[in-house]
Number of protein chains: 2
Amino acid sequence: MPLRDQRVTLAHGGGGKAMRDLIESVFTSVFNPPGMEDQARLMDARLQEPGARLAFTTDSFVVTPVEFPGGDIGKIAVCGTVNDLAVGGAKPLWLSASFIIEEGCEVALLRRLVASMAREAAKAGVRIVTGDTKVVNRGACDTVYITTAGVGVIPPGRDLDARSIRPGDVAIVNHVLGDHGAAILAARGDLMLSTDLESDCQSLGHLMEALIAAAPGTKAARDATRGGLASTLNEMAEAAGCSVELDEIALPLRPEVKGVCEILGLDPLYLANEGTLVVFVPEAEAQAALAAMRAMPEGQGACIIGRAVPKAHVPVTLRTAFGGTRIVDMLVGEQLPRIC
Amino acid sequence: MPLRDQRVTLAHGGGGKAMRDLIESVFTSVFNPPGMEDQARLMDARLQEPGARLAFTTDSFVVTPVEFPGGDIGKIAVCGTVNDLAVGGAKPLWLSASFIIEEGCEVALLRRLVASMAREAAKAGVRIVTGDTKVVNRGACDTVYITTAGVGVIPPGRDLDARSIRPGDVAIVNHVLGDHGAAILAARGDLMLSTDLESDCQSLGHLMEALIAAAPGTKAARDATRGGLASTLNEMAEAAGCSVELDEIALPLRPEVKGVCEILGLDPLYLANEGTLVVFVPEAEAQAALAAMRAMPEGQGACIIGRAVPKAHVPVTLRTAFGGTRIVDMLVGEQLPRIC
């Protein structure tokens, strides 16, 4: 039955006809999941290879506004989970998607988010195979929250792990930093900032595969989301038992992001990203890694930003443009709230 | 570092030190997930058997109040996803758990929920291997929402599917109906009902294994959650292309649940359950199925409630105690809101 309601009501979460109509009309007609049971039943030959491992991860997405320049909460929900799989060296295969919807949410908005998820999933080469829908009273969530979980396969013998980073390894990012955080901040409107900034929200699976093919000695990778590059590098350095020295001049930043940060007194190293890869590779493979990344649309801005050094007093330092050194700590207080 | 805060603040969702402290102190110290990367890396020999399939499912949980007689939102989040795997014939292996937490939520409450999840996971024989935490502004969720996803393995040759139900197959439930819905309703307190009812929230994985071992011809199973037994049977009947005839006298109901329903004008067939199995087995295996279920704590109240019949005008009918027949439709309007 076609869905005639224009807004979601509590009945759409009740488990009855209204829910079935909403799910069929808005979700399963687009995602086209396999089978009719409450669970997806799947297999992929690569999972059955001796030595292969399954990768499993999840993230909830609560970004507000739910649509913003360069993306929306649906696109982020696909990219974020695909990227958590990809940076661990897994080939992303299947996603689940669970929606918590506020009573009164426009059905047209849900359709746009679902279309955006389907588009991004196709691009990333994953299928959205199972899901759930709950409806909460008006005021009990901000329009819609989406939680995705993802399953992927790690080929035999591949073992990306921050603990394998050694002094001398080179740190590379795939493009400019902080676009997502700055774009969301501007999109909120409270600050009356007008910019052309777009979120960098994108899937990194294909980029990771190209990188590993070109630089098989790649040690570890992360996507620098909440807490920004600074927090991500601190985590990696601590796991590795090394320190990391960044070169301020080498950090890729758009003038607009620098501008937003200067006006608001923010440090771009703490701005969130949603499609930014930080990867450590052996020095001997750095040029091959850069070339492979730059050949992909997601990695055109790839550059070296620093390197691992023997463990020092602090995990991450920055050599400033003036020749000094400053500590780059983990984020201590609040992130720009609700950026993912 | 031990967590000194008594309530969750936005900083605990920011991706920095406060978030790491919250996650380590409250979540990973209890769940003890494998590895240090953003993803769990796993394998189970049963997944690599020729013909084995992977089962994947997800559910979000938004029940209010978050603690209630017989359970809490954490226990439900484990049972619900374990059960979605189990009723499809899968052995549940691994869960993800993602938390959306309201600013101001008590850390002590989170610790109770996490302990409850760990307890239920151990009972069900699954591991919580990966997770996420987001914090939203005060008022942007009801204390805490939990989304779990689950991965399990379906042994070679097993294919439970509602489409395989045939006229003559017998419908069995594992125990009394409606306890969860009635208990939540009473726990809300608005209705000034005082009852001893407890939610039936429980994991059904072990019961399903015992059932299939005793009745290998088992056709299909579901857990009758939102929308109650009525909606679940309608879905199964429609998938099967049969009708289902229930016997009112055979329906197991506690007098207290009947009482709550009579006072409020509700039909217990539409009350939600969180540990109630509906299963169709060939008539020849019905006694074996009943015996196997009754031998387990989760199935002590197992009984036959009806049977599949050739397709009629409506999917589900009830033979009343007075010898009449009434239509048992899917839930049309609202469920008692937010029961899972």
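When both bridge partners sit in segment A:162-327, DSSP labels roughly 85% of those beta bridges antiparallel. Charge tally around B:ASN273: other residues with Cβ under 11 Å, Lys/Arg +1 each, Asp/Glu -1 each, net -2.
Per residue of A:87-99, count partner chain C-beta atoms within 10 Å of its C-beta, then hand back the mean as an integer.
4
Mean partner shielding of peptide B:153-160, defined as the number of other chain Cβ atoms within 10 Å of each residue Cβ, is 1. Rounded if a/c is under 1.5, else prolate if a/b beats b/c, else oblate: with a ≥ b ≥ c from the C-alpha gyration tensor eigenvalues square-rooted, which is segment A:260-340? The shape class here is oblate.
Taking the Cα centre of chain A as the origin, how large is its charge dipole in debye, to the nearest 20, when only Lys and Arg (+1) and Asp and Glu (-1) carry charge on their Cβ atoms?
Working: 31 positive and 41 negative charges, 107 e Å.
About 520 debye.
Using just its DSSP H runs of length 4 or more, each adding -39500 (n - 2.57), chain A gives a mean residue ellipticity at 222 nm of -8000 deg cm²/dmol after division by all residues.
Cβ crowding within 10 Å, taken as a proxy for footprinting-reagent exposure, orders B:PHE322, B:PHE27 from fewest neighbours to most as B:PHE322, B:PHE27.
Segment B:72-148: which trypsin sites (Lys or Arg not before Pro) are DSSP loop and have at most 13 other beta-carbon atoms within 10 angstrom?
Values: sites: B:LYS75, B:ARG111, B:ARG112, B:ARG119, B:LYS123, B:ARG127, B:LYS134, B:ARG138; in loops: B:ARG138.
Loop-located and lightly packed - B:ARG138.
For the protein assembly as shown, the Cβ-based charge dipole about the Cα centre amounts to some 800 debye (Lys, Arg positive; Asp, Glu negative; other atoms uncharged).
The overall shape of chain A is oblate: from the C-alpha gyration tensor, with semi-axes ordered a ≥ b ≥ c, the ratio a/c is 1.5 or greater and a/b is no larger than b/c.
Just to confirm the number: angle between the C-alpha axis of helix A:73-86 and the first principal axis of chain A, 0 to 90 degrees, nearest 10? The helix A:73-86 is inclined about 50 degrees to chain A.
Loop only per DSSP, at most 14 neighbouring Cβ atoms within 10 Å: give me the trypsin sites (Lys or Arg not before Pro) in segment A:1-53, ordered by residue number. Write out the running numbers ahead of the final one.
Details: sites: A:ARG4, A:ARG7, A:LYS17, A:ARG20, A:ARG41, A:ARG46, A:ARG53; in loops: A:ARG4.
Filter output for segment A:1-53: A:ARG4.
Sorting A:ASP179, A:ASP267, A:ASP196, A:ASP223 by the number of Cβ atoms found within 10 Å of their own Cβ, with the fewest placed first, yields A:ASP196, A:ASP267, A:ASP223, A:ASP179.
Axis angle, to the nearest 10 degrees, between helix A:179-188 and the longest C-alpha principal axis of chain A: 50 degrees.
Cross-link pairs exceeding 24 Å between alpha carbons, from the set A:LYS311/B:LYS17; A:LYS134/B:LYS75; B:LYS91/B:LYS219; A:LYS91/B:LYS75: A:LYS91/B:LYS75.
Suppose a student asked you for the relative contact order of segment B:162-327, using Cα pairs under 8 Å spaced at least 6 residues apart; what percent would you report?
Working: 362 pairs, mean separation 71.2, N = 166.
RCO, segment B:162-327: 43 percent.
For the protein assembly as shown, the Cα-based Rg and Dmax, in that order, read 25.8, 92 Å.
Residues A:HIS180, A:HIS206, A:HIS313, arranged from fewest to most other Cβ atoms within 10 angstrom of their Cβ, appear as A:HIS313, A:HIS206, A:HIS180. To the nearest 10 degrees, how steeply does helix B:228-240 sit against the main Cα axis of chain B, on a 0 to 90 scale? Roughly 70 degrees between the two axes. Tell me, what is the percent relative contact order of chain B, built from C-alpha pairs under 8 Å that lie six or more residues apart? 22 percent.
Averaged across A:3-16, how many Cβ atoms of other chains sit within 10 Å of each residue's Cβ atom?
Numbers: counts 0, 0, 0, 0, 0, 0, 2, 5, 6, 1, 8, 16, 17, 14.
The per-residue average across the peptide is 5.
On the principal axes of its alpha carbon atoms, segment B:173-298 extends 46, 31, 23 Å, with the longest extent given first. Residues whose amide H comes within less than 5 Å of that of A:LEU204, counting only those at least five positions distant or on another chain, are A:ASN83 (H built at 1.01 Å from N in the peptide plane). Distances, shortest first, from the label point of B:GLN6 to those at the same position in the other copies read 4.9 nm; the point lies 7 Å along Cα to C-beta.
Can you bin segment A:10-154 into rounded, prolate or oblate? Criterion: square roots of the alpha carbon gyration tensor eigenvalues sorted a ≥ b ≥ c, rounded for a/c under 1.5, prolate for a/b above b/c, oblate for the rest. Prolate shape, in that a/c is at least 1.5 and a/b is the bigger ratio.
Since every read-out is calculated from the coordinates, none of them should be taken as a lab result. Only a predicted model underlies this, so the values are computations on that prediction, with no experimental measurement involved. With ideal geometry, Cβ positions are generated from the backbone for all residues, glycine too; neighbour counts draw on all protein chains shown.
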